[in-house]
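Report on the structure given below.
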Amino acid sequence: MPVDTRERRRLTAALLGGGTAPVPDEPDPGVVRGTLVDIGPHLISVATPQGEERFVLAEDSVLWRGRVADVTELSPGQDVIVRTHPDNRWVAQRVWSGLARVTGVIVAEEDGLLEVDTGHDRRNSVVAIPYRSSGRIQVRHPILKPGYLFDAVGLDKDGEFQAMIPVSSQPPYPVAETPRRPAVRRRPTTVSGTVGWYDPAEGRSGDPLATATGAAYPALDRSADCGPGCDQVTSCAPLPLLSIGTSFRLRNDCTGRSAALQVIACGSATARFCDRCATCGSEERGRIAQLTLTSFIALGGLPEAGCFNATLTVG
C-alpha cells in the first residue's frame, strides 16, 4: 500500500511540533536531468519533462563520461545531468553522461560478470569491469566473490553497469562474517557520517523518478516501513529510527550547503558499510543516508567521488 507521506508529516507536526517535520525543499533548478538532444563545442541541448533546455559550455565546463570527457564522447539519446553555474543558470558548470552506481553485496560471479544484490526493494545489478579500470577496482575491491561488499561508480550501457571508480575499500571478510557491532546509543536529533547516492530511475531519464528528490534511509522502523523482506542490519552510526515520509535537515559538511529532505525509500543495504568518506577529512564512520542522484548533486556532491561528509538533524 502506498505511503501517504504528506499525511504522516502533518500528523508528526501536529503531535510533536512543526519543527520536527520540516517541509521538504523544492527541487533545485540548478540541477537539470534529461536526454541529450545535441551537443557542440559551445552549447548543449537537453530534453526534460519541462521541454528542451539549452546551456552554454564555457571554457571551464567539465564533462564526464566514465572519466573527464570531450564533447565528441557524448551522443544524442544519452541520459545526462547538468549542474549549472551558481552565478548563471544558463551556463553548464558540470555535465555527467550515463552516470550509474552499484552498491551492495556480490551474490554471483560468472564469465567475468558480477551480480550484486543492491537491497530488498531493488533489482539485482549486473556488473562488468572493463580492463582499463580493473586495476583501480581491484586495489580497493580485491575479492570479487559472492558474499563480499561492492560499491563503484561507472556507466550504464544498455542495462549493463560498467564499473569505473571504486567508492569504498572492501572489508577483508564476507558480510556473513562481519564482526558483531557493539550496541550504539541512538541520538534523538543529530548524527554525522557519510552520505552516498543512488539513482531511483536506474539511468532512465524519462522515468518520473529520474528527478526525484529525497533519501533512502538505513534505519527504518522494522515493524512498518522496512517490510518483511528487509535485510536490515545494525549500522555503525547511531541513527534514529525513522519512517517513510519523515523529513529531516541535512548539511553537507564539506560545502556548508543544507536542505530539508524526505525519506522516500529503504536504504538498509547501505548499513553494511562502516566506512569513512575522505572528501573533507571527517573521522565519523557509517552511512547515514543514501540521497537520490539529483539531491546529492544539489547539495554540492560530486557523484564520481561517491560521498560527502554530512550532519543529519531530526526535529
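Data for the structure
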item	result
Under 12 Å, Cβ to Cβ, from Trp197 - net charge with Lys/Arg +1 and Asp/Glu -1	-1
Charge context of Leu293, other residues only, Cβ under 9 angstrom, K/R +1, D/E -1	+1
Cα-Cα pairs of segment 31-97 separated by more than 20 Å (percent)	13
Most mobile listed residue (Val139, Val23, Val105) in the chain, GNM with C-alpha springs under 10 Å	Val139
Under 9 Å, Cβ to Cβ, from Ser45 - net charge with Lys/Arg +1 and Asp/Glu -1	-2
Burial ordering of His120, His141, fewest other beta-carbon atoms within 10 Å first	His120, His141
Gaussian network model of the chain, springs between alpha carbon atoms under 10 Å - residue of Asp275, Asp79, Asp158 with greatest fluctuation	Asp158
Cα Rg, Dmax (largest Cα-Cα span) when computed across segment 100-175, Å	11.0, 32
Taking Lys145, Lys157 and counting other C-beta atoms within 10 Å, the order from fewest to most	Lys145, Lys157
Amide N proximity, segment 272-305 versus Glu73 label position 7 Å along Cα-to-Cβ, cut-off under 16 Å	303-305
Stretch gain in nm, segment Glu26-Ala108, where the contour uses 0.36 nm per residue and the Cα spacing is subtracted	25.5 nm
Ranking of Thr84, Thr48 by count of other Cβ atoms within 10 Å, fewest first	Thr48, Thr84
Listed residues Gly206, Gly193, Gly245, most fluctuating in the chain (Gaussian network, C-alpha, under 10 Å)	Gly206
Charged-residue dipole, Cβ positions (Lys, Arg, Asp, Glu), the chain about Cα centre, Debye nearest 20	1180
Rounded to the nearest 20 debye, dipole of segment 214-287 from Cβ charges on Lys, Arg, Asp, Glu	140
Inverse of mean 1/r across different Cα pairs in segment 43-176, Kirkwood, Å	16.4
Relative contact order (%) - criterion: Cα under 8 Å, at least six apart; region: segment 31-97	36
Relative contact order (%) - the chain, alpha-carbon pairs under 8 angstrom, separation at least six	18
Inter-label distance, nm, simple model (7 Å from Cα along the C-beta direction), Ala128/Ala58	3.7
Expected 222 nm ellipticity per residue - DSSP helices of 4 or more, -39500 (n - 2.57), all of the chain, to 500	-2500 deg cm²/dmol
Rh (Kirkwood; distinct C-alpha pairs) - the chain, Å	20.1
Rg and Dmax of segment 180-313, Cα atoms only, in Å	13.9, 44
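Since every read-out is calculated from the coordinates, none of them should be taken as a lab result. Being a predicted model, the structure only gives us computed values, none of them experimental. Glycine gets a Cβ as well: all are built from the backbone with ideal geometry, and neighbour counts include every protein chain shown.
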